[in-house]
Amino acid sequence: MMQMNCRGFATAQFMQPEPSKYAHAPNMEAKTFMQPEQAYFAHHPGRFFYIQPKETGELYSMPHEPVRNRIDEFGFHVGEQRLSWSGSIEECSVEQSVRLHKHLPVELWEFKVENTTPNPLQWKVVPYFPMGYMSWMNQSAEFDKKNSAILAKSITPYQKVEQYFQNRELKDITFLMSDRTPVAFEARQSAFEGEGGLQRPDALRGDRLGNFEAFYETPTAAMQFDLGMSPGQTVILRFAFGAAKSNEEITQLRNELLCNSKTERFEFSNVVTEEVTSKSSPLRIETPNHSLNHFVNHWLGRQIYYHGEVNRMTTDPQTRNFLQDHMGMTYLSPERARASIITAISQQKVEGAMPDGILLHKDAELKYINQVPHMDHCVWLPLTVSVYVNETGDESILDEFVSFADDPKQVSVFDHVSLALDWLFSQRDERGLNYIAQGDWNDPMNMVGYKGKGVSAWLTLASAYAFNTWADVCRSLGKEEAYFCFSEMALQCNESANKYFWTGEYYARGITDDGRVFGVEQDQHGKIFLNPQAWAILSGAADEHKMSKMLPKIEQYLETDYGVQMLAPAFTSMVEDIGRVTQKYPGSAENGSIYNHAAAFYIFALLKVGQTDKAVELLCKMIPSDSTEELIQRGQLPVFVPNYYRGAVDQFPSTAGRSSQLFNTGTVHWLWRSLTEELVGLRGVSQGLRVQSKLPSYWNKLTATRRFRGASFEVKIERVRGDEEPSIKLDGEQIVGLIANDSIKAGERHQLEVRLL
Ligand code: CEZ
């Protein structure tokens, strides 16, 4: 995984099996995971090329950092297969690009310059790939002549004997390897920079770099190339940068990747495979909103696929994340989703509880947040399994026999899910409200119920939704008794929620250990939370009357130009009966940001009840439009939906809308469902494909292509003309809202025409 910005700063990570890096930020890395609004440091992590034309002696760098000298033109191009930067320097065109290896933690870089002047030119080009501080135990760097490579070697710090045996397999060498021999190199960071620093490094003052190696000193990788270019000539330099375990591995990589200088030899391609490239995306839409179309058609599937493919770069994804990530994966790669559902279920405890995290590797352990007891993990199981069954039609999964984490006894997947729900139902107090312990969906809401009494409104409503969802599955399987049983459980949860949390205007967020109802009008901060409202709609607790009260309150307190906030006003100091969430910076993350995951639940719920205008308005706000002003304020290109945009817009207008830059978020799966199943309105059910399309009043038309069980449906949604009746036509024939299973065959294409009021 690699994330880069236009200036050349980069964060790259790979799994071995725990998340690792080969280019390091300062020491803080050891104690943290992926950070929101990541800081970049002058030296790293970055990939830079210094450029010095002999003719003028000026110093430039590509991309903008670290020299920051103005160049004539500058472009940053985010492509499906590669990232590239283009520029014009002293009338020559320069391009630099990066792709990732399909399987290995290796970046492939190309640096291309074309002499577009009428004169012969002499340029000094120096790639500068700092590795940062690698290890306090052992770090060094040397030049490997045979491979034209700088090898920075290190020992990952550890203390326990058993870690030695695990760490033996780590790729502790970071290399920068070139396809041609440099005239000189520099492997010691301080020698390269000297007094001039990164912007004017001492090493570039002379004719040649100093050929210094690093002996327990901060390593770096710089190589010098002197390029003589006749008029019209193009020169290409190629590099591989990455992690390896041994010198032999590096030699082998060189043979594979760099020995033949023809571009075709580079078998680098997209990790996100053909399954989701824009051409074969299982969903394509054409709406009047171009930014939305572009995002959905090019990037949304990729962001979902990324989650399912790498599980957020952890070996113990939180159970709720893992299950939602595979709920999304169902639409793109059902086989993987199926296997993941089984993996998750096999880690259920025999009493019914799902663990806090799913272990994906034999040496994996529950870490960080997964050591804190959260009460909501069971909610996500029926949601994911029902999506899987409805989308694929593969009911056989329900009959698979799977054991438990703590019991070899095997029961069917159907029984596992039912057990999870029974457990959820049992974790309620005498009022019928779900205990929160140290968190629910909201991770850092850790002190509402840590004494064992506090309850969550969201979780009570989410349980009801989970029961209803499972009841529907039971009914479609003909299990009437189970259907009634789960429906009854949902009803009880909804009744309790309405009794204890409905304030007359909207739903409160919970009741603390000491009996304080919070998330209500009287609270100075955190007066209203979005999640209980959204899930009260989903669970059916909120009837029309309640919705007519809630929706204006959400609009008043939570909606902003950048989307809908998760709570408001943001907390400004610790509230000891709510917890850590109140200590996050106001307007960031769960403390009142535009937390897109929560916004997506709300959008999905609105679509379910036909509040299409509001839903589509909020959905469009998730994706930066192409207005320059807005892009600058958000600070992010519309190639992924971030975890959050800064909220607390009344308290902090200057930072409102700023992106977290975090691309890990369950948002995308709910966005996919909102678009595919609710707006375009093609939802898998056990009898086939249900057609219930929607259009906001401010759109006249929506066309889409949706792949379903291997068949492809081209949908045209329009309004009725004159006094025409609403209608649905499948391949020219009128139907009544259901395409039955026997007319859905893999490989076939169908035309659907939907006319709405
Ligand atoms: O992580 C997410 C979790 O991965 O926060 C969501 C939760 O539902 C997801 O499962 C809402 O709480 O302080 C924390 O521990 C935070 O909770 C973060 O780890 C949080 C961040 O938004 C990072 O993505």
Seminar exercise, completed: Rounded to 0.05, the calculated FRET efficiency for the beta carbons of Gln233 and Asn700 at R₀ = 56 Å is 0.55
Exercise. DSSP loop GluC sites (Glu not before Pro) in the range 628-732 with at most 15 other Cβ atoms within 10 Å of their Cβ, which ones?
Worked result: Glu724
Seminar exercise, completed: If each K or R counts +1 and each D or E counts -1, the residues other than Gly87 whose Cβ falls under 12 Å of its Cβ total -4
Exercise. Roughly what % of DSSP beta bridges within the chain run antiparallel, to the nearest 5?
Worked result: 95 percent
Seminar exercise, completed: The local net charge around His374, scoring Lys/Arg +1 and Asp/Glu -1 for residues other than His374 whose Cβ lies under 9 Å from its Cβ, equals -3
Problem set entry | Computed [θ] at 222 nm, deg cm²/dmol, the chain (DSSP H ≥ 4; -39,500 (n - 2.57); rounded to nearest 500) | -8000 deg cm²/dmol
Exercise. Given labels modelled 7 Å from the Cα in the Cβ direction, how far is it in nm from Leu757 to Gln583?
Worked result: 5.4 nm
For this session: Could you work out the local net charge near Phe9, counting Lys and Arg as +1, Asp and Glu as -1, over the other residues with Cβ closer than 11 Å to its Cβ?
Result: +1
Seminar exercise, completed: Pseudo-spin-label distance Asp514 to Lys362, built 7 Å along Cα→Cβ, given in nm, is 5.1 nm
Seminar exercise, completed: Of the range 151-192, those with amide N under 17 Å from the point 7 Å along the Cα→Cβ vector of Glu249 are 151-157, 164-177
Exercise. Once label points are set 7 Å from the Cα along Cα→Cβ at both Arg68 and Tyr216, what is their separation, rounded to one decimal in nm?
Worked result: 3.6 nm
Exercise. For helix 247-257, what angle does its Cα long axis make with the longest principal axis of the chain, in degrees from 0 to 90 and rounded to 10?
Worked result: 80 degrees
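Taking a ≥ b ≥ c as the square roots of the eigenvalues of the Cα gyration tensor of the chain, is the shape rounded (a/c under 1.5), prolate (a/b larger than b/c) or oblate? Provide the component values of the computation, followed by the final result.
Values: a/c = 1.87, a/b = 1.63, b/c = 1.15.
It comes out prolate by the Cα gyration axes.
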Problem set entry | Computed lengthening from Glu142 to Thr117, 0.36 nm per intervening residue step minus Cα-Cα distance | 5.2 nm
Problem set entry | Centroid-to-centroid separation of the range 345-366 and the range 555-589 [C-alpha atoms, Å] | 32 Å
Exercise. So how much slack lies between Glu576 and Arg208, counting 0.36 nm per residue of separation and subtracting their Cα-Cα distance, in nm?
Worked result: 126.4 nm
Problem set entry | Distance cut-off 17 Å, percentage of C-alpha pairs in the range 620-674 lying past it | 37 percent
Exercise. Taking only Cα atoms, what is the 0 to 90° angle, nearest 10, from helix 377-392's long axis to the longest principal axis of the chain?
Worked result: 90 degrees
Exercise. Which of Lys549/Lys614; Lys479/Lys694; Lys527/Lys584; Lys701/Lys729; Lys21/Lys102 have a Cα-Cα distance over 22 Å?
Worked result: Lys479/Lys694
Seminar exercise, completed: Residue span Lys409 to Glu481: 0.36 nm per residue of separation minus Cα-Cα distance leaves a gain in nm of 23.5 nm
Exercise. If one computes the Cα centroid of the range 206-239 and of the range 424-485, what distance in Å separates the two points?
Worked result: 61 Å
Exercise. Can you list the chymotrypsin sites (Phe, Trp or Tyr not before Pro) in the range 686-730 that are in a DSSP coil and have 12 or fewer other beta carbons within 10 angstrom?
Worked result: Tyr698
For this session: Considering Cα pairs under 8 angstrom that are at least six residues apart, work out the relative contact order of the chain and quote it in whole percent.
Result: 9 percent
For this session: Starting from the alpha-carbon convex hull of the range 357-478, give the projected area averaged over all orientations, in nm².
Result: 8.9 nm²
Seminar exercise, completed: Reduced to Cα centres, the span from the range 102-156 to the range 684-757 in Å works out to 54 Å
Exercise. If you take the charge dipole of the chain about its Cα centre, with +1 on Lys and Arg Cβ and -1 on Asp and Glu Cβ, which of Leu151, His597, Phe501 is farthest toward its positive end?
Worked result: Leu151
Exercise. Taking only Cα atoms, what is the 0 to 90° angle, nearest 10, from helix 596-608's long axis to the longest principal axis of the chain?
Worked result: 40 degrees
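Rule-based calculations on the coordinates, nothing more; no lab input. Model, not experiment: these values are computed from the prediction. We place every Cβ from the backbone using ideal geometry, glycine too, and count neighbours over all the protein chains shown.
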